[in-house]
Amino acid sequence: MKTKFFQNLMLLSIVVLVLNSCGTGTKTSQNKSFPFILPKEKPDMPLSKAMERNYTNYSAPKPQDNELFSQFKYTKLEGFNYNNHNGTISRRDPSKVIFENGKYYVWYTYRNTPTPPQGAKKCNDTIPSADWDLSEIWYATSKDGLTWEEQGVAIPRPPKPNVGWRSVSTSDILKWKGKYYLYYQGFNEASGLRGDDCPVAASYADSPDGPWTAVNKVVIPNGEEGAWDQYSIHDPYPLVYKDKIYLYYKSDFNEKNDLIRMQGLAISDNPLGPFKKCDVNPVITSGHETTLFPFKGGIAALVIRDGNEHNTIQFAPDGINFDIAAITELMPNAGGPFIADAFTNTKDGRGITWGISHFTNYTKWEENHSILVRFDCDLSQDLNDPAMKNNHIYHRPEVYFKQGLNATQLKRIKEAN
Ligand code: AAL
């Protein structure tokens with residue numbers, strides 16, 4: 001009896017399989033071919049998982065129409081002197097760009113030291129360990145975003161033992177109720193001693209030109225012992241969203257030689273805190289620095305370099321639950337975009353078209369320093385630049401050959417043959 005039942009069941013399964021299978025070759029009226037002209041909307045027919053995702057995860061089924069897809073184009077900036085690129089002057093980790101008093105403003109980490117970085121073992125009170133050690137926050141202004149006038153220091157290193165006495169770096173700007181707030185990494189030891197360990201400190205001013213008053217206290221503290229963000233709060237990045245300050249940050253965690261980088265969120269309605277960290281932190285599982293902007297009713301993020309989801313642009317309709325919205329390449333490192341509506345509490349974020357980012361290790365490691373550059377893109381509801389939406393860019397063969405095999409790999413391959 002049982003065998004008969006199983007025989008019938010098998011027969012039925014075979015019939016169902018033949019009718020539904022990908023490989024039958026014949027199409028019935030229920031089993032149409034996918035149309036030759038790519039449907040704009042998800043067609044009402046059985047779809048593979050990948051095709052289903054192509055309609056549900058992205059704002060359009062091809063990148064050219066996806067508002068959160070863009071390529072990135074880079075331009076050298078005029079107006080910055082780098083001491084012939086000998087490694088003694090570095091500018092890196094730009095803030096987002098804001099427009100005030102008829103000009104653009106950007107803040108950044110500025111290092112001017114007698115030598116390039118020498119590592120944590122060789123550093124001292126004047127010799128830096130890392131490219132962002134013994135640094136200050138400087139700022140520059142520009143009429144067109146291409147030629148900049150350096151204005152000098154905004155945030156100096158405060159006297160010991162105030163937070164940031166060793167180095168202040170990696171700042172970002174907030175405008176809230178008519179005042180300006182700079183958040184930055186405050187180091188009380190040389191970076192690299194244990195890790196890249198620091199909390200976030202802040203200063204405020206009535207004008208983007210300062211003078212800045214340091215609050216001389218930790219504004220975003222490290223997590224409790226054993227928490228993912230116990231040692232570092234990096235890349236503080238405030239936006240105004242849902243009537244509050246949404247400050248995104250990155251932390252380094254995991255074993256020393258196997259670092260993981262993810263991004264968290266801390267929320268407050270007071271710029272100097274207390275900030276409440278989001279219960280489901282980390283909210284972005286990849287990336288290296290933080291670059292986010294209001295987009296439509298939610299928040300979009302550029303996710304670069306590290307993690308499973310690097311090289312993606314993500315979107316969270318609530319600022320917390322991010323999904324991949326586009327996959328791209330050559331993304332800006334430490335991008336600080338110009339975001340016209342960063343602080344307007346918008347419910348219809350317009351997006352971004354340009355910003356400042358950095359290239360690290362600009363010449364060679366012995367002269368290790370970084371430079372600021374401009375990036376352009378089309379991640380805006382108000383721009384339609386098809387040249388930014390090409391879904392592939394052509395790299396010269398030498399770019400690929402630069403990614404050559406190392407000696408160990410060559411040896412392994414030779415030995416295997
Ligand atoms: C960066 C940022 C932070 C880190 C270091 C300097 O690009 O993530 O600022 O501390 O590297």
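See the values below:
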quantity: In degrees, nearest ten, helix 2-20 long axis to first principal axis of the chain (Cα); calculated: 70
quantity: Reachable lysines, given that their alpha-carbon falls under 16 Å from the alpha-carbon of Lys40 and they are not under 8 places away in the same chain; calculated: Lys62
quantity: Nonlocal amide H pairs with Glu189, under 5 Å, H built at 1.01 Å; calculated: Arg166
quantity: Solvent-accessible area, 1.4 Å probe, carbon plus sulfur percent, for region 73-399; calculated: 49
quantity: Where GluC sites (Glu not before Pro) in DSSP loops with at most 13 other Cβ within 10 Å are excluded, longest remaining stretch of the chain; calculated: 42-223
quantity: Whole-Hz couplings from phi, Karplus 6.51/-1.76/1.60, listed for region 250-263; x for Gly and Pro; calculated: 10, 9, 9, 8, 5, 4, 3, 9, 9, 5, 10, 10, 9, 10
quantity: Residue-by-residue Karplus 3J(HN,Hα) for region 101-117, coefficients 6.51, -1.76, 1.60, Hz, glycine and proline x; calculated: 6, x, 8, 8, 10, 9, 10, 7, 6, 10, 10, 9, 10, x, 9, x, x
quantity: Accessible surface, the chain, averaged per residue in Å² (probe 1.4 Å); calculated: 52
quantity: Per-residue HN-Hα couplings for region 193-208 [Karplus 6.51, -1.76, 1.60; θ = phi - 60°; Hz; x = Gly/Pro]; calculated: 5, 9, x, 9, 9, 5, x, 10, 10, 8, 9, 9, 7, 8, 9, x
quantity: Estimated 222 nm signal from helices in the chain, with DSSP H stretches of n ≥ 4 weighted -39500 (n - 2.57), rounded to 500; calculated: -3000 deg cm²/dmol
quantity: Listed residues Lys389, Lys160, Lys175, most fluctuating in the chain (Gaussian network, C-alpha, under 10 Å); calculated: Lys160
quantity: Estimated dipole of region 104-156 in Debye, rounded to 20 [Cβ of Lys and Arg +1, of Asp and Glu -1, Cα centre]; calculated: 200
quantity: Candidates Leu330, Leu372, Leu38, ranked by Gaussian network fluctuation over the chain, Cα under 10 Å, top entry; calculated: Leu38
quantity: Too-long pairs where the Cα-Cα distance tops 23 Å, listed order kept, from Lys177/Lys217; Lys179/Lys276; Lys244/Lys389; Lys96/Lys296; Lys179/Lys244; calculated: Lys244/Lys389
quantity: Cα pair distances exceeding 36 angstrom across region 73-399, given as percent; calculated: 12
quantity: Relative packing of peptides 263-273, 198-208 - highest average C-beta neighbours within 10 Å first; calculated: 198-208, 263-273
quantity: Degrees separating the helix 407-416 axis from the principal Cα axis of the chain, which is the longest one; calculated: 30
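The values are calculated or read from the model by the stated rules, or taken from the named source; none is laboratory data. If you're wondering where the values come from, they're calculated on a predicted model, not measured in any experiment. Using ideal geometry, Cβ is built from the backbone for each residue, glycine included, and neighbour counts are taken over all protein chains shown. Heavy atoms of the whole protein, side chains included, go into the accessibility calculation; ligands, DNA and RNA do not. Shrake-Rupley method; radii C 1.70, N 1.55, O 1.52, S 1.80 Å.
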